[in-house]
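The values are calculated or read from the model by the stated rules, or taken from the named source; none is laboratory data. Here the structure is a predicted model, which is why all the values come from computation and not from measurement. Here the Cβ is made from the backbone with ideal geometry for all residues, glycine too, and neighbour counts use every protein chain on show. The accessibility values were calculated without ligands, DNA or RNA, using every heavy atom of the protein model including side chains. Shrake-Rupley method; radii C 1.70, N 1.55, O 1.52, S 1.80 Å.
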Amino acid sequence: MNPDDMRRLFDHALDGATPVPASSTDETVAAGKRLVRRRRAATGAGAAAAIAALAAAAATPLALPDRTQSTDPAGPEAYSCEAYGDQSDAQTAVGSMYDQAVDTAMAAIGATLVSYCGEDESEHGGFYFDAEADGYRYQALAFFDSEEQAILRVDVLEPNAVAAPLRMENLAGCGGPDVGCAWEEAAVPLLVVQKTRTAAADDAEGDQVPVLGALAELEDGVIVHIELEEAYGTGALSTTTEQLAEVALAIPVGQDPPDSEGAGGYTLPADADLVQAFVDGIAEQYPGAEVAAASEIAFTAQEETEAYAEGYHYGNDGTRVAYADATVDGERVRFFLQLTPIDAPEDGGATQEPAEHYANCLQFECEYTQLDASTGLVHRDSVTVRPGPTSIEHRAADGWVVGVGAESRGSTEAPSIDFDALDAIVHTVR
């Protein structure tokens, strides 16, 4: 055994990693069929079809040391993600903070993320704490504006007995076949990786697919390992390792998660005050309209709404929705108020890409307007599922996205509610 092989074997043993068992083609296909989507920036019909095709075709096993597979076929009940019931409140808050950071960083390079989870694998649709790995883990499908598709995997791992540089090389598989590693000049130790991996097909070995990686040693020796693997035969990745490194460095390791005050120190009003402003805004724009009382309205997580089950996704992770039924000039209308926390600095500027990302414009027709340096306005128009307009303010400095929309309660057509009225209502909710 040569010295390099001995070093890798020694590092591997110290790292405590359990090797992924060798998989047959059937096992890999079964694992691929277990990939499911959930939540974040739900896609329209084209992207949804791509997800289904990806799940039904083939997927490479997750290349992380503690992941295993099952050969049992996934039934319909496997196509869902569990809530964070086994996480502490603190772990859930950190995971949500990491979710928002990765969402924002990937949106900046033109990607929309759709989380998935599978049977016998992670049952969480976002970052979750894995006690065995002693760190947070994440996996998602990334749909790029360029129409490329990829699998995104992220680990945020606590330090262990292995020196960080050796551990990072071991995690990346440096020295292995078809693996290129390079240490980059950066403010923190940074390792970038380019390699290929064999994608399995239904009845034979598949093509070699490109994989990019970046590993960074952040505060207190925590290692962030991010990997992007081309998926669904969309060709070579145009994303660069530099861009992937920026995503890794954007994860706020060591920071305290924001509380209900939002990311910029802005205090979001109490739910009752938000709902009252919402109802008052409707009444002001439509004098004489019969509007539900504020005391009868409550926020619901979008995953629990009837509309969400029908495939209509109001926003991204953490979105809450409140409904107010009204009769406007004899027309039965359901107004809705949506709130979504965003990850933004106190002086954060609003730009079109993040605003449209949080407005879930991949699924809808959208028009963007810059209101001021820190606020963008998106007019979102649904023409297929629950037709109707929505006015959404992306308040970067406050750390929140606030939207007001309208749906018809007595017709399959869009209600006769215009954007000017919705703009005025959403502007009063603050």
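Listing for the model above:
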| quantity | calculated |
| --- | --- |
| Neighbours by Cβ (under 8 Å, 6+ apart or cross-chain): first from segment 394-422, under 19 Å from A283 (Cβ atoms); second polar (S, T, N, Q) and open to solvent by 10 Å² or more (accessible area, probe 1.4 Å) | P415/S408; A421/Q285 |
| Positions within segment 285-305 being over 15 Å from R409 (Cβ atoms), open to solvent by 40 Å² or more (accessible area, probe 1.4 Å) and without any contact (Cβ under 8 Å) to a residue 60 or more places away in the chain, in sequence order | P287, G288, A293, S295, E296, A298, T300, E304 |
| Counted residues, segment 309-339 - those being modelled with pLDDT under 90 and closer than 23 Å to F419 by Cα | 6 |
| Residue ID - surrounded by the most Cβ atoms within 10 Å (Cβ to Cβ), chosen from residues in segment 147-180 that are under 26 Å from the mean Cα position of the chain (by Cα) and not in a strand (DSSP E or B) | M168 |
| Close pairs (9 angstrom Cβ cut-off, 6 or more residues apart or separate chains): within 16 Å of A161 (Cα to Cα) in segment 211-229, assigned to a strand (DSSP E or B) and of a type in the set (D, E) anywhere | I223/D155; I223/E217 |
| Residue that is closer than 27 Å to A93 by Cβ, small (G, A, S), touching an Asp or Glu at 6+ places or on another chain (Cβ under 9 Å) and open to solvent by less than 50 Å² (accessible area, probe 1.4 Å), where the choices are A322, A326, A359, A424 | A322 |
| Positions within segment 208-255 being charged (D, E, K, R) and either surrounded by 14 or more Cβ atoms within 10 Å (Cβ to Cβ) or at pLDDT 90 or above (or both), in sequence order | E217, E227, E229, E230, E242, E246 |
| Strands (runs of 3 or more DSSP E) lying entirely in segment 342-421 (those with 2 or more residues that are among the small types (G, A, S) and in contact with a Phe, Trp or Tyr (Cβ under 7 Å, 6 or more places away or on another chain)) | 375-382, 400-408 |
| Selection count where residues are closer than 27 Å to P269 by Cβ, of a type in the set (S, T, N, Q) and surrounded by fewer than 16 Cβ atoms within 10 Å (Cβ to Cβ), scope segment 369-418 | 2 |
| Output for segment 97-127, where each listed residue is at pLDDT below 85 and either in a strand (DSSP E or B) or small (G, A, S) (or both) | L113, V114, S115, G118, S122, H124, G125, G126 |
